Every structure is written in structure tokens, then in C-alpha cells.
1. Check off (1) out of contact with any Pro (no Cβ under 7 Å at 6 or more places or on another chain); (2) among the aliphatic types (A, V, I, L, M); (3) over 23 Å from V138 (Cβ atoms) for L75 and give me the number that stays unchecked.
2. Would you pick out the residues in region 165-182 that are open to solvent by less than 40 Å² (accessible area, probe 1.4 Å), assigned to a helix (DSSP H, G or I) and either more than 22 Å from G81 (Cβ to Cβ) or of a type outside the set (A, V, I, L, M) (or both)?
3. Please state which of the following conditions A160 fails to meet, knowing it meets all the rest: (1) out of contact with any Phe, Trp or Tyr (no Cβ under 6 Å at 6 or more places or on another chain); (2) farther than 15 Å from S233 by Cβ.
4. Give just the number: which of (1) basic (K, R); (2) within 15 Å of the chain's Cα centre (by Cα); (3) within 21 Å of S168 (Cβ to Cβ) does R74 not satisfy?
5. Consider region 190-201. How many of its residues are closer than 16 Å to I78 by Cα and not aliphatic (A, V, I, L, M)?
6. I need the full set of residues from region 183-204 which are part of a helix (DSSP H, G or I) and open to solvent by 30 Å² or more (accessible area, probe 1.4 Å), in order please.
7. Could you tell me whether region 232-242 includes any residue that is closer than 21 Å to A83 by Cβ and either among the aromatic types (F, W, Y) or open to solvent by 30 Å² or more (accessible area, probe 1.4 Å) (or both)?
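The values are calculated or read from the model by the stated rules, or taken from the named source; none is laboratory data. Only a predicted model underlies this, so the values are computations on that prediction, with no experimental measurement involved. Here the Cβ positions follow ideal geometry from the backbone for every residue, glycine too, while neighbour counts run over all protein chains shown. Areas reflect the complete protein model, heavy atoms only, side chains present, ligands, DNA and RNA absent. Shrake-Rupley method; radii C 1.70, N 1.55, O 1.52, S 1.80 Å.
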Amino acid sequence: MTAVLGRTAAVGPFFSVRTSAGAPRDQGFLPLAELYGEGVSPALRNRLETVATRLGTAEARVAASLVHQGLAGRLWSIALGPAVLAGRVPDLSGDALWWHPDRSAPDDLWLPFPGPSLSPCPRPSLAPSRSPLPLSPVEDLTSRLRAAVLRDHLVPLHHAISATTTISPKVLWGNAASALVGTLRVLHGWCRSTGHGAAAERAVALTASLLNTTPLRDCGTLDPTVPAFSRRSCCLYYRVPGGGLCGDCVLRGT
């Protein structure tokens, strides 16, 4: 898995994660799951306050939304990239994944002992191909991605943020869907530019499959030909001083 993650890092900084052995806590890292432990997490509260200050907003829900979307983007990237390029999903559960509250990508995440989420799927070919994707590997990888990102992180993060800040669930799940398609766009572009047409198709297929499952279903509409996304909610970035509307924002149609 270390080699797979190293290869995936070539896509861009959001797809990179530190994999060397070491003592993460001694360097200021904490298990990402500590953000959404039982009760009100001090780590999450501190993160929300830090982001609110950096953005210059007094609205807690705005900071909460953007914290959520940023973490979702990182998690989708380090999970979807290996799934598309190698047919494998890293183990991101429990205390496996460490996070640094004061660093940005790619120095914010650390997997000291990377391993697969389950036994690996058959490795997909990166050779250009027009043949349809086999159904079972897509279903299998979708299930693993849901477990690694949604079940182990975004669902508990959703509950933790909702317990800390008044924010619509539609906003948070819209963020998760939007972050997934943002990951797809970067990965798809890289695959196309490097001659990995089959992997680009696989990225679209996996994203479409994920968006067709709860809780991402009905968060927006994917155009797989671009690919592009039109969400049915707003991440609230327009409420940041100097902010604007994102490319997939529902407010663009009003």
C-alpha cells in the first residue's frame, strides 16, 4: 500500500499522504477520529475557531461547512486515487490516519503503517480501453470507499459538527458530494493527460456509483461527460468576506 499511495501522490498534493514510520503525536499530529469522538471534541472546536478566524467570519456555520468540505476533499482524494489507479483502498479506520491541525496538504495527513482496507481487488489495467467496466469490481470498490470515507469519517464528522454548530444536514452532505466530484475532476484530468483513459473512465464510474448511494443520493446532478456537478445546496463560502459562488453552487441557478 505504501507504493500505491506513493504512486497516487503524483496526481497532486491533495492525493498525497505521509507514509513513513514514526511517532505522529510527538510532532503535533492526532488521530483524525479524535475530531469526532464522544461528546464535544476540543480538537474540533479549536479547528472551527481557527478557521473562522482565518476566514474573518463570525458565523460558526460557515466555518463548520468549510472545515467539513476541506476534510472531505482530502479523504476522498487519498481513497479514490488508489481505488482508481490500483484497485485498492487504504485502511483509514480508527487510529490509522493521523491529522495535523496546523498544516495544509500534503503535510496534514499521516498513515504511519499503511495497509489495505480489505483483501485487494484484481488490479485494473491502466491501458486505454473502450470495453465496458466489469460490474463487480466497481461495486466492490464502491463498498470499500463508502466504508473507508463515509462510514469511518464523514458520518461521525457530520454528527460531531451538527452537535457543535447549527447547520443544515443538506449543506454537509452536499459538501461531501461536491468534494467527491472535485476529487474526480482532478483525478480524471490527470488520467486523461497521462494517457490512462481506462482509469479516467473508472474514476467516473466509481464516483457515479458513490453518488447513487445514501447519503449522497439527491445531493446534486453529475454530468459524467465533463465531468461536472450541480449541487442542490450551498457550502456558504459566499458568506465569507470577499468570497463568491463556487462553480457547482445551487445559487448560480437563482
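1. (3)
2. Result: V171, L172, W173, G174, N175, S178, G182.
3. All conditions are met except number (1).
4. Here R74 meets the rest and fails (3).
5. 2
6. Residues satisfying the conditions are R185, V186, H188, G189, W190, R192, S193, E201.
7. no
For (1) more than 12 Å from the chain's Cα centre (by Cα); (2) at pLDDT below 95, each residue gets a yes or a no:
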residue: L145; (1), (2): no, no
residue: A160; (1), (2): yes, yes
residue: T166; (1), (2): yes, yes
residue: L172; (1), (2): yes, no
residue: A179; (1), (2): no, no
residue: T183; (1), (2): no, no
residue: C191; (1), (2): yes, no
residue: G195; (1), (2): yes, no
